[in-house]
Amino acid sequence: MARRAPHRILLNLLLDSLLACLALPVAILLANPGAWPPEPLSLRWWLLALPGAALALLAAGLPVRLPQQYWRYAGLSDLLGIAVAALLGALLFTGGLHMVGGWVPPNPAFPAIHALTLGLFLGAPRVAGRLHHGRRGPEGVGTAQPVLLVGAGDGANLFIRGLAQERSPSYRVVGILSMRSRQAGRRIQGHPILGTADEIPAVLDRMRDENRLPALIVLTTAHVQGLALERLLDAADRHGVPVRRAPSITSLDPAARRLEERLDDKEATPLQLRPVRIEDLLDRPQVPLDREGMARLIQARRVLVTGAGGTIGGELARQVAALGPAQLTLLDHGEFALYEIDLELRERHPDVPRRAVLADIRDESRMRRLMEELRPELIFHAAALKHVPMVENDPLEGLQTNALGTRIVADAARAVGCKAMVFISTDKAVNPTSVMGASKRLAEMYCQALEREARATGGMRCVTVRFGNVLGSTGSVVPLFRRQLERGGPLTVTHPDMRRYFMTVREAVGLVLQASVIGAEDREDQPKELAEGGIFVLDMGKPVKIVDLARRMIRLAGLRPEEDVDIRFTGLRPGEKLYEELFHGQEPPRPTEFRGLLMATPRTADPALVGRAIDEIAASSRAGNTRAALAQLGRLVPEFTHNADGEGARAAQ
């Protein structure tokens, strides 16, 4: 149990009692101006009245914890407590005088005058202590870094207050930029609002001309993201000023910091700034989602997530668990990854019935037994081998997992009456140059064939969702760049012209769930073009050059590209192409009613024919016949142009 500071509380009690004793004669004088005392009062009366005033204040102050206040951090809530204690104390004292039948002040306004006097005596030293602490010259003020704050709201206010609590602050605020123009020209705790965040280039130019350029820009609001953040970073880069994020508001909360100091009377912990994450640059405004439709799809249903230990599968499991399924089954082939997501959901959603299953989706008999036992009503199929170079090294494994595994899961689910299966695909399935992309395209073909059959005859719906890279996912370029930065570089990029689509995992999974609602439900108000089915494609925005991403990550780390950290081009790897695509030439995109979701016109085939072809490829794979398996894959996916050599191969355009 945390220790208290009884000596501090006793000192507060003593001081407050002394102030109550001093306030009483002043209140009597103010209640009877020009006549002191209004009539002779005996020494015995004063010896009883002064302790009585102190005891009345003590009784009134206990409910508002008056003795436990930290004087030098007194705030508005503390002053309100003083007002309540002063009023109650004055009323208790006047009531006590009437009860003992002694001298009573003749002025009927005496209780109010006593309360005001007592409140002034109690509040004045606290306010003085707060002002003295805030204005006294802190240690090391000459070495504090000048900082420019972005965000003129609660975050900026708490950041400034947090600095005021430090004995040796590391930062000194020289100005603030607001998010709204109407705040310009005003001040927060004496610090001027110099303009808006959009005006940062002009503000920095002016500060440079005045020789007071900040050493650091601190974001005190979470609303600077995406394109606005990119513009701010560009302006800061031109002046060589690093950008950091302030701690969260909860860690800046003065009440929490005061509590910390009450429990441990040491110097307050300095404010720790956080680097700006590369994910913040791609965090676009939240697309409105049909949360009611998602809840209707998930609630009280048995849900299975394959590949639950991966980045997409794990986030699907988190968001599905939050929607209250009747049963959530997590399936993965990786033991530790499955253990981690199961443990996380156990802590976050202990009331959701949950089961973790260690299984291989390529094991047909095992999957059929599991489906018979679990009877899932909805399946999110995220299990796959997704890393292009790894699948190029072992192409037969990619074919068996991505194509055969998807067919096995779909067939087993359909056999037990599953309502819908959502298949997670990739932009690498469009005009593929890698075995991974071609195997996912083959899986798309099978799922689309099942979907077309289901729309015609009924049965399990098969919703396919295609999107590009998820920022920060396992095996993606961002964690690689972070590891290389930690080692001091260089950052390795395959080609100066390589571009990729990126999306945050939160946004991607939210849109996957939205696509699931549209694809798995037959609604009367559904547009005709959507009722025909197709592949849902997430709006990924504009593709990002990987070399630009590398340069930005170096700058976010406070370093300079090509000076502090080198960028080295290593050449295209087997299976890679320069530009990824979201739509095939024969898949004209169609809009949906939801922003952020498009639909590719389906290219369908008979599910029995595609299923037999997948089985033939799987048989060649199990026999170790790579040439035959890839030849069969090329016949089924005619747009597959295999870049088996990597460096020097031309990218598919």
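Would you kindly state how much longer the chain becomes between residue 560 and residue 296 on full extension, computed as 0.36 nm times their sequence separation minus their alpha carbon distance, in nm to one decimal?
90.0 nm
Roughly how many nanometres apart are two label points built 7 Å out from the Cα toward the Cβ at residue 80 and residue 340?
Between residue 80 and residue 340, the label points sit 4.4 nm apart.
On a 0 to 90° scale, report how tilted helix 626-636 is relative to the longest principal axis of the chain, with both axes built from alpha carbons and the result rounded to the nearest 10.
Helix 626-636 and the main axis of the chain meet at about 90 degrees.
Say each of residue 210 and residue 170 gets a label point 7 Å from the Cα, pointing the same way as Cα to Cβ; how far apart are those two points in nm?
2.6 nm
Which value, in debye to the nearest 20, gives the size of the charge dipole of the chain about its Cα centre, when Lys and Arg are +1 and Asp and Glu are -1 at the Cβ?
That gives the chain a dipole magnitude of about 1400 debye.
Report the gain in length on full extension from residue 26 to residue 124: 0.36 nm times residue separation, minus Cα-Cα distance, nm rounded to one decimal.
33.8 nm
Using a Förster distance of 56 angstrom, determine the FRET efficiency expected from the C-beta separation of residue 628 and residue 590, and round it to 0.05.
Using R0 = 56 Å, I get an efficiency of 0.90.
Taking a virtual spin label 7 Å from the Cα of residue 372 along the C-beta vector, which residues in the range 413-439 bring their backbone nitrogen under 17 Å of it?
Answer for the range 413-439: 413-418.
In the set (i) 3, 13, 18, 17, 14, 12, 9, 7, 4, 2, 1, 0; (ii) 3, 16, 26, 25, 17, 9, 4, 1, 0, 0; (iii) 3, 16, 23, 20, 16, 12, 7, 2, 0, 0, which value of P(r) over Cα pairs in 10 Å bins from 0, in percent was calculated from the structure you see?
The value computed from this structure is option (i).
Whole-Hz ³J(HN,Hα) for each residue in the range 379-394, computed from phi via Karplus 6.51 cos²θ - 1.76 cosθ + 1.60 with θ = phi - 60°, x for glycine and proline: what do you get?
10, 10, 9, 10, 5, 5, 9, 10, 8, 4, x, 5, 5, 5, 5, 10
Treating the angle as unsigned and between 0 and 90°, give the value, to the nearest 10°, between the Cα long axis of helix 505-520 and the longest Cα principal axis of the chain.
With both axes taken from Cα atoms, the answer is about 60 degrees.
Using a 10 Å cut-off around each Cβ, can you sort 542, 386, 419 from fewest to most neighbouring Cβ atoms? Could you put the intermediate results ahead of the total?
On the way: 542 7, 386 27, 419 17.
Ascending Cβ contact count within 10 Å gives the list 542, 419, 386.
Which whole-Hz ³J(HN,Hα) couplings does the range 293-303 yield from phi under the Karplus relation 6.51 cos²θ - 1.76 cosθ + 1.60, θ = phi - 60°, glycine and proline marked x?
Those phi angles translate into x, 5, 4, 5, 6, 9, 4, 6, 10, 7, 10 Hz.
Which one, 569, 557, 628, projects farthest toward the positive side of the charge dipole computed for the range 557-635 from Cβ point charges (K/R +1, D/E -1)?
With unit charges placed on the Cβ atoms, the residue in question is 628.
Could you order the peptides 292-302, 402-412 from most to least packed, using the average number of other C-beta atoms within 10 Å per residue?
Result, highest mean Cβ count within 10 Å first: 402-412, 292-302.
Subtract the Cα-Cα distance of residue 11 and residue 390 from 0.36 nm times their separation in residues, and report this length gain in nm to one decimal.
129.5 nm
Neighbouring Cβ atoms within 10 Å as the yardstick, rank 501, 171 fewest first.
501, 171
Between residue 227 and residue 548, how high is the FRET efficiency from 1/(1 + (r/R0)^6) when r is the Cβ-Cβ distance and R₀ = 22 Å? Nearest 0.05.
0.95
Report the one residue of 384, 223, 596 whose Cα lies farthest in the direction of the positive end of the charge dipole of the chain (charges on C-beta: Lys and Arg +1, Asp and Glu -1; origin at the Cα centre).
223
Looking at the chain, what % of its DSSP beta bridges pair antiparallel, to the nearest 5?
So the antiparallel bridges amount to about 20 percent of the total.
Return the FRET efficiency for the residue pair residue 456, residue 355: r is the Cβ-Cβ distance, R0 is 35 Å, and the value is rounded to the nearest 0.05.
0.55
So for each of 377-384, 349-356, 236-243 I average, over its residues, the number of other beta carbons within 10 Å; can you give me the resulting order with the highest mean first?
Order by mean packing, descending: 377-384, 236-243, 349-356.
What value, in deg cm²/dmol to 500, does the helix sum -39500 (n - 2.57) over DSSP H runs of n ≥ 4 give at 222 nm once divided by the residues of the chain?
On the way: 24 runs with 306 residues, N = 653.
Rounded to the nearest 500, it is -15000 deg cm²/dmol.
Compare the Cα positions of 120, 420, 104 along the charge dipole of the chain (+1 at Cβ of Lys, Arg; -1 at Cβ of Asp, Glu; about the Cα centre) and return the one farthest towards the positive end.
104
Any read-out appearing in this document is the output of simple, stated calculations on the displayed coordinates, not a laboratory observation. Computed from a predicted structure; not experimentally measured. Neighbour counts are summed over all protein chains in view; Cβ atoms, including those assigned to glycine, are modelled from backbone coordinates with ideal geometry.
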